[in-house]
1. Among the listed residues 94, 59, identify the single one that is assigned to a loop (DSSP other than H, G, I, E, B) and within 18 Å of residue 16 (Cβ to Cβ).
2. Among the numbered criteria (1) assigned to a helix (DSSP H, G or I); (2) of a type outside the set (A, V, I, L, M, F, W, C); (3) within 14 Å of the chain's Cα centre (by Cα), which single criterion is violated by residue 129?
3. Is it fair to say residue 158 is under 14 Å from the mean Cα position of the chain (by Cα), of a type in the set (Ser, Thr, Tyr) and modelled with pLDDT of 90 or more?
4. Given the structure, is residue 130 exposed (fewer than 15 other Cβ atoms within 10 Å of the Cβ) and either modelled with pLDDT of 90 or more or small (Gly, Ala, Ser) (or both)?
5. Would you be able to say whether some residue in the range 29-41 is in a strand (DSSP E or B) and at pLDDT below 90?
6. Applying the selection to the range 8-20, what residues are near ligand 1 (Cβ under 8 Å from one of its atoms), in contact (Cβ under 8 Å) with a residue 60 or more places away in the chain and of a type in the set (A, V, I, L, M, F, W, C)?
7. Return yes or no: is residue 102 of a type in the set (A, V, I, L, M) and more than 18 Å from residue 18 (Cα to Cα)?
8. Could you check residue 50 against (1) free of Cβ contacts under 8 Å to residues at least 60 places away in the same chain; (2) more than 15 Å from the chain's Cα centre (by Cα); (3) surrounded by fewer than 22 Cβ atoms within 10 Å (Cβ to Cβ) and say which number it fails?
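The values are calculated or read from the model by the stated rules, or taken from the named source; none is laboratory data. These figures come from a predicted structure and were not determined experimentally. For neighbour counting, all protein chains shown are included, and Cβ atoms are generated from backbone atoms with ideal geometry for every residue, glycine included.
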Amino acid sequence: MVPVIALVGRPNVGKSTLFNRLTKTRDAIVAEYAGLTRDRQYGEASWQGRTYIAIDTGGLTGDEEGIDAKMAEQSLLAIEEADVVLFIVDSRDGLTPPDLMIAEHLRKRNKQALLIANKVDTLDPDIARAEFSPLGLGDAIPIAAAHGRGIQAMLEATLGRF
Ligand code: GDP
Ligand code: MG
């Protein structure tokens, strides 16, 4: 069985940056601004000799209309397809209302989800952990997708169980 991992979260939290780092391709469009990746994007990657599939998504904002609604639909479909969801939050923005909405959805769907706090570049990881504890998804795993920090620990926590 090839585990499927969906990268889910608000636009601009760094999902595509993480996807590109994991799959080492440039296929996912890394937006310099919110919401450029409109569709699901699959990539193959491996960790410790183990193949897995990563899905990049356009992002969820909680009040979607028009193109945003399509983006949300793709994100929700990716959640359904996934064996495990990496729920990405932005430690520089802190906790936002859409984050709470996404956490609620994951709980409702009874999805295995790991909370990933991205953009912990110079920030104290403990501060990131505390910030997101109201989401009720356990301790956030601190990473910096743009710099490759924390990725191995994240993959261990994600794929170690398969
Ligand atoms: P997406 O909308 O969730 O796919 O987010 P993107 O991957 O397009 O990234 C949004 C912005 O966040 C881009 O400007 C990235 O360069 C930036 N970004 C991604 N990861 C990090 C990180 O670890 N640290 C910092 N400071 N910026 C990051
Ligand atoms: Mg993106």
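1. Details: 94 fails: within 18 Å of residue 16 (Cβ to Cβ).
Of the residues listed, the single one that is assigned to a loop (DSSP other than H, G, I, E, B) and within 18 Å of residue 16 (Cβ to Cβ) is 59.
2. Tallying (1) assigned to a helix (DSSP H, G or I); (2) of a type outside the set (A, V, I, L, M, F, W, C); (3) within 14 Å of the chain's Cα centre (by Cα), residue 129 fails exactly one: (3).
3. On the way: under 14 Å from the mean Cα position of the chain (by Cα): yes; of a type in the set (Ser, Thr, Tyr): yes; modelled with pLDDT of 90 or more: yes.
Yes, satisfied.
4. Spelling it out, residue 130 is indeed exposed (fewer than 15 other Cβ atoms within 10 Å of the Cβ) and either modelled with pLDDT of 90 or more or small (Gly, Ala, Ser) (or both).
5. Taking the range 29-41 first, the residues in a strand (DSSP E or B) are 41.
Among the residues that remain, those that are also at pLDDT below 90 are: 41.
Within the range 29-41, one or more residues are in a strand (DSSP E or B) and at pLDDT below 90.
6. 13, 18
7. On the way: of a type in the set (A, V, I, L, M): yes; more than 18 Å from residue 18 (Cα to Cα): yes.
Yes; evaluated as a whole, the condition is true for this residue.
8. It is condition (1) that residue 50 fails.
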